[in-house]
Structure formats: structure tokens, C-alpha cells
1. Would you confirm whether or not the stretch 37-53 contains a residue that is open to solvent by 20 Å² or more (accessible area, probe 1.4 Å), touching a helix residue (DSSP H, G or I) at 6+ places or on another chain (Cβ under 8 Å) and of a type in the set (Val, Ile, Thr)?
2. Mind checking which residues of the stretch 10-36 are near ligand 2 (Cβ under 9 Å from one of its atoms) and open to solvent by 50 Å² or more (accessible area, probe 1.4 Å)?
3. Give the residue, chosen from Leu68, Leu96, Leu74, that is hydrophobic (A, V, I, L, M, F, W, C), under 23 Å from Leu170 (Cα atoms) and either open to solvent by less than 10 Å² (accessible area, probe 1.4 Å) or within 13 Å of ligand 2 (Cβ to nearest atom) (or both).
4. Could you please let me know if Thr56 is open to solvent by 40 Å² or more (accessible area, probe 1.4 Å), modelled with pLDDT under 95 and at negative phi?
5. Kindly state which strands (runs of 3 or more DSSP E) lie completely within the stretch 1-69 and contain at least 1 residues that are without any contact (Cβ under 8 Å) to a residue 60 or more places away in the chain and touching a Phe, Trp or Tyr at 6+ places or on another chain (Cβ under 7 Å).
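The values are calculated or read from the model by the stated rules, or taken from the named source; none is laboratory data. Here the structure is a predicted model, which is why all the values come from computation and not from measurement. Methodologically, a virtual Cβ is constructed for each residue, glycine included, from the backbone with ideal geometry; neighbour enumeration extends over all protein chains shown. These area figures cover heavy atoms from the full protein model, side chains too; ligands, DNA and RNA do not enter into them. Shrake-Rupley method; radii C 1.70, N 1.55, O 1.52, S 1.80 Å.
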Amino acid sequence: MHGFSQAQFLRAAGRPADLPPPGPPEIAFAGRSNVGKSSAINALAGRRSLARTSKTPGRTQTINFYRLGDAGRLADLPGYGYARVPLAMRAQWAELIGAYLRQRPSLAAVVLIMDARHPLTPLDLQLLGWLERRRVLALLSKADKLSRAEQAAVLKNVRAALPQDTEVRLFSSVTLQGVEECRELLEQWLGQPAENKKPPVKGM
Ligand code: GTP
Ligand code: MG
């Protein structure tokens, strides 16, 4: 078992040097500010306030790691694309997130969260570029804000735009749509870490 229900806070890292030494396989939650990354972690863990969420974009400013027993870890990444964050801070985040996503050897998969109403922004595509051959689950979050027909349309469009081996799902932390299915998929991925074809850089 790789119980999401056992999730426990492990560490916050604000700089590459603060990252915990690589251990069990990790799943990172990435996406624009305010799309619902921290809320998704709470929904998957079945907990209200494991990860801190906020109406104000830019809430998560460090990479926050959670242990799932000894079997895996979750990494809640700071969001990108929030214009009101000072430039210097944005550069620091980009460096931290970029280094982490490109070089972390224990990174088993990335959950790219995009607001179902505004998917595939230029920054999302840049991030997908960093991921290269990593396993990716794209979640279309806040699906509760869309009608059934709109949900079906965005799911189809995003599937058509992304590589075939990218998993795409509708998700809502409010109605819990998609939560059980995502938990099952991620637990399966933690149980069988993919071969990352890109060799990891030493020291990350
Ligand atoms: P940063 O850490 O700032 O990058 O944000 P985040 O991506 O972690 O977003 P967070 O989980 O803090 O949620 C941002 C806001 O969106 C909060 O007000 C949440 O309540 C709301 N929210 C998150 N998920 C959903 C969802 O599925 N549906 C709706 N309607 N609101 C959501
Ligand atoms: Mg957050």
C-alpha cells in the first residue's frame, strides 16, 4: 500500500540546497498559481488542511514535501505565472522548480494541474517541455465550474493537444470528481516507477 491517507508533512525547500535527499519515488504537483495544486493534494489525501491553500495566488512559495509512509512522497510546488510576484522572486522560483523537475532522480511522475477553463497556457507548455520523458498526469481542475458539455469538450481538446501517453483527467477538489481514479493511478505509478530516459544530474 502507498496510502495517500497516511500523508505527513516532511519538509519545505526554498532553494535547491534545501531539497531532501532523494528517497522513495516522488510525485510532483505543478501548475500555475491558484489552479488548485494544494487543494488536489488535500483531496487525494482525504484531508482538509494537510497542504495550505488560499484564495490569494502565490500561497505556496516553497516545494513542500509529504511522505506517504515509506513508499512514496508528494511534492507541492509553488505556482507559476502570477504577475504580481516580484521579478526576482519569480526568477528564484523558476530556478528551483526547473532544477527540481529536470534533475530530480527520484521524481516518478508529475501531475500538471491546469484550470479546466484556461488549459495549456504558454507557461504550461514550457513546463511540459522541461518534463521530457517523465510520466505526466494532466488534471483539468475546478471542473465543477463547467457544464457537462464544456467538460467533455475541454477533455477532448487537451487530449488531442498532448502526447498520447500523457494521461488527462477532469478533476474537482470541491465535488471530488476524478479524485478516486487519480489516487488509484498515482498509487499504481508509485508501485512501478518509470524509467526516466534522461540521466539524472548528480547532486540533486
Ligand atoms: P498556489 O500555491 O498559490 O500556486 O495555489 P494552488 O495551485 O496550490 O491553489 P490552492 O489549492 O491554494 O487553491 C486556490 C483556490 O482555488 C482556493 O480558493 C481553492 O479553494 C480554490 N479551488 C481549488 N480547487 C478547486 C476546485 O476543484 N473547485 C473550485 N471551485 N475551487 C477550487
Ligand atoms: Mg499551493
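1. Scanning the stretch 37-53 turns up at least one residue that is open to solvent by 20 Å² or more (accessible area, probe 1.4 Å), touching a helix residue (DSSP H, G or I) at 6+ places or on another chain (Cβ under 8 Å) and of a type in the set (Val, Ile, Thr).
2. Correct list: Asn34 only.
3. Leu74
4. Considered against the rule, which asks whether it is open to solvent by 40 Å² or more (accessible area, probe 1.4 Å), modelled with pLDDT under 95 and at negative phi, Thr56 comes out as yes.
5. Answer list for the stretch 1-69: 7-13, 63-68.
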